[in-house]
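Chemist: Right, I'll just put the structure down here and ask away after.
The values are calculated or read from the model by the stated rules, or taken from the named source; none is laboratory data. Remember, it's a predicted structure, so these values are computed and weren't measured experimentally. Counting neighbours? That spans all protein chains shown, and the Cβs are built from the backbone with ideal geometry, glycine included.
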Amino acid sequence: MTGCQSEDDQILELLQALNKGVSPKFERCAGISPTRLRLLHQLFQVEEISQISLQREIDIDPAAITRHLKGLEESGMISRRNNPADNRVTLVSLTPQGRERVHSYKEEKKRFISSLLAGFDEAERKTLEDMLIRLQHNINGM
């Protein structure tokens, strides 16, 4: 960043750098992408869910969820099957192996967050959370 940039420009650049940097660092640390972990966590909450409902819950596009689920299925984490009542609907569930791995991924996520927020006291964490929520609210309002 240069000295000629306004503080607002610097904030935007820092946010963009954080956005670009967090996912790959998280994946290296946890061994899974944040999106795939969100999918697994959502599946952990239910016995079985339609792929379209899962897509809506996670808020990703149809091609992305298909790509992620295919990878998770190939690794034995999830299973997919056609709904017997409607073959157009694909049902998704965690395998026993997937359920087991969710626990270890949660531990890796805790370690990553701890490292990410090292040096932040409780008040700073709360302030950061409040500001990020406000930013998200502003983005959603655009």
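Chemist: Here are some conditions: (1) at pLDDT 95 or above; (2) exposed (fewer than 11 other Cβ atoms within 10 Å of the Cβ); (3) within 30 Å of residue 15 (Cα to Cα). Residue 120 meets all but one. Which one does it not meet?
Modeler: The single condition residue 120 does not satisfy is (2).
Chemist: Let me ask something else about it. Identify the single condition in (1) within 20 Å of the chain's Cα centre (by Cα); (2) aromatic (Phe, Trp, Tyr); (3) surrounded by fewer than 15 Cβ atoms within 10 Å (Cβ to Cβ) that residue 105 does not satisfy, given that it satisfies every other one.
Modeler: Residue 105 satisfies every listed condition except (3).
Chemist: Which members of region 1-18 meet the condition of being at pLDDT 90 or above and of a type outside the set (D, E, K, R)?
Modeler: The answer is 6, 10, 11, 12, 14, 15, 16, 17, 18.
Chemist: Next up: Condition check: assigned to a helix (DSSP H, G or I), without any contact (Cβ under 8 Å) to a residue 24 or more places away in the chain and within 17 Å of the chain's Cα centre (by Cα). Does residue 36 satisfy that?
Modeler: Taking the combined requirement at face value, the residue does not satisfy it.
Chemist: Now for a different question. Restricting attention to region 62-83, does a residue exist that is farther than 18 Å from residue 23 by Cβ, in contact with a helix residue (DSSP H, G or I) (Cβ under 8 Å, 6 or more places away or on another chain), part of a helix (DSSP H, G or I) and touching a residue at least 24 places away in the same chain (Cβ under 8 Å)?
Modeler: Yes: region 62-83 contains one or more residues that are farther than 18 Å from residue 23 by Cβ, in contact with a helix residue (DSSP H, G or I) (Cβ under 8 Å, 6 or more places away or on another chain), part of a helix (DSSP H, G or I) and touching a residue at least 24 places away in the same chain (Cβ under 8 Å).
Chemist: Go through (1) touching a residue at least 40 places away in the same chain (Cβ under 8 Å); (2) assigned to a loop (DSSP other than H, G, I, E, B) for residue 41 and report which single condition fails.
Modeler: (2)
Chemist: If you don't mind, another one. When you go through (1) in a helix (DSSP H, G or I); (2) more than 16 Å from the chain's Cα centre (by Cα) one by one for residue 120, which number turns out not to apply?
Modeler: (1)
Chemist: Quick one: in region 88-99, of everything that is in a helix (DSSP H, G or I) and over 18 Å from the mean Cα position of the chain (by Cα), which residue is surrounded by the most Cβ atoms within 10 Å (Cβ to Cβ)?
Modeler: 97
Chemist: Separate question: Mind listing whichever residues of region 19-33 are surrounded by 11 or more Cβ atoms within 10 Å (Cβ to Cβ) and under 23 Å from residue 131 (Cα atoms)?
Modeler: Listed by number, the residues that qualify are 22, 23, 25, 26.
Chemist: From the set of residues in region 46-59 that are at pLDDT 95 or above and not in a helix (DSSP H, G or I), which is surrounded by the most Cβ atoms within 10 Å (Cβ to Cβ)?
Modeler: 49
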